[in-house]
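The values are calculated or read from the model by the stated rules, or taken from the named source; none is laboratory data. Not measured: the values here are computed from a predicted model. Because the Cβ atoms are built from the backbone with ideal geometry, glycine has one as well, and the counts that use them run over all protein chains shown.
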Amino acid sequence: MIPFIKKLSSKRLAILVPIPLFLLLWEIVSRVGLYNAALFPPPSRALLALIEMLKEGTLLSDAFISVKRVSIGFCLGSFAGISIGTLTGRSKFFGITLGQLIQLFRPIPVIAFVSLTIIFFGLGEFSKYFLITWGVFFPVWLNTDTGISRVESSYLRAAQSLGANTRRLLTEVIIPAALPYIAAGMRIGIAVAYICLIVAEMTGASEGLGYRIEITRLVFRIDKMIGILVVLGVLGALSDGAFVWFRNKLLPWHKWI
């Protein structure tokens with residue numbers, strides 16, 4: 001019983017201690033004057049800046065806009081990645097032809113497309129959705145393609161011997177078997193979506209958390225900038241946590257690392 005209690009206590013400490021300890025060290029380093037407090041404000045000042053933005057009404061508005069953009073871009077990018085990944089993973093022809101084109105564009109960072117996106121689509125919402133969709137597409141496509149192509153041939157032969165047609169083979173055997181790969185790609189896509197969001201909002205937006213970071217930089221409000229970064233981290237962590245919860249409910253039999 002005692003070893004179990006010790007193990008439980010250690011687990012709780014591992015969960016609860018790191019963030020408060022990090023904030024405490026940050027506060028101490030900033031307060032003792034090792035760095036310029038204007039350039040490296042303590043977390044207490046960042047918290048006051050967040051409260052100030054809440055009172056102004058800008059923080060919640062910007063957060064809502066950014067979350068909406070991430071959600072739409074993530075859904076579009078995931079849908080495209082799963083659809084095309086299934087196609088290239090199942091068909092050697094499309095895997096060679098279409099796969100080559102995708103591999104050609106995959107190494108190009110999203111920020112390289114910002115100027116072209118603004119020229120083609122303007123500064124409206126569509127350009128933000130496009131950049132986020134573009135960024136999310138590649139990790140989801142790659143993982144889907146890998147998962148689909150690695151489905152055991154014995155599963156396919158067994159299903160075909162039982163009379164499964166092409167549609168049932170795809171929906172009831174291939175995609176379920178590849179779901180762990182697809183889920184891994186989508187989880188990576190969540191982080192990529194937030195990266196693309198900030199790139200899009202810092203270069204051509206009039207609202208959103210990325211836009212607010214750029215504005216606070218221009219007026220040299222580092223405390224507000226850090227506060228917004230903290231909000232972004234929290235939103236990203238909540239998004240990831242929600243996805244992990246949904247994934248575990250959808251795939252309860254899979255042992256996740």
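Miscellaneous remarks
- Pairs where the first residue, in region 116-137, is without any contact (Cβ under 8 Å) to a residue 60 or more places away in the chain and closer than 14 Å to Ala193 by Cα and the second is of a type outside the set (Ser, Thr, Tyr) and crowded, with 16+ Cβ neighbours inside 10 Å, C-beta under 9 Å, 6+ apart: Phe130/Gly73; Phe130/Leu76; Phe130/Phe113; Phe130/Phe121; Phe130/Ala200
- Unmet criterion (only one of (1) of a type in the set (A, V, I, L, M, F, W, C); (2) more than 30 Å from Arg31 (Cβ to Cβ); (3) more than 15 Å from the chain's Cα centre (by Cα)) for Ile213: (2)
- Every test in (1) in contact with a Leu (Cβ under 6 Å, 6 or more places away or on another chain); (2) of a type in the set (Gly, Ala, Ser); (3) under 17 Å from Gly81 (Cα atoms) is passed by Ala178 save one, and that test is (1).
- Within region 82-114, tally of residues that are within 30 Å of Gly208 (Cα to Cα) and in contact (Cβ under 8 Å) with a residue 60 or more places away in the chain: 4
- When region 57-75 is filtered for residues that are of a type in the set (Phe, Trp, Tyr) and buried (at least 16 other Cβ atoms within 10 Å of the Cβ), only Phe74 remains.
- Residue that is surrounded by the most Cβ atoms within 10 Å (Cβ to Cβ), among those in region 17-48 that are at pLDDT 80 or above and among the small types (Gly, Ala, Ser): Ala46
- Residue check, Glu152 charged (D, E, K, R) and farther than 22 Å from Thr88 by Cβ: no
- Qualifying position, being among the hydrophobic types (A, V, I, L, M, F, W, C) and either at positive phi or in contact (Cβ under 8 Å) with a residue 60 or more places away in the chain (or both), among Ile198, Ile188, Ile174, Ile215: Ile174
- The set of residues from region 192-206 being modelled with pLDDT of 90 or more and outside any helix (DSSP H, G or I) is empty.
- Test: residue in region 46-65 that is outside any helix (DSSP H, G or I), under 21 Å from Ile215 (Cα atoms) and touching a helix residue (DSSP H, G or I) at 6+ places or on another chain (Cβ under 8 Å): no
- Residues in region 207-216 that are in contact with a helix residue (DSSP H, G or I) (Cβ under 6 Å, 6 or more places away or on another chain) and not in a loop (DSSP other than H, G, I, E, B): Leu209, Gly210, Tyr211, Arg212, Ile213, Glu214, Thr216.
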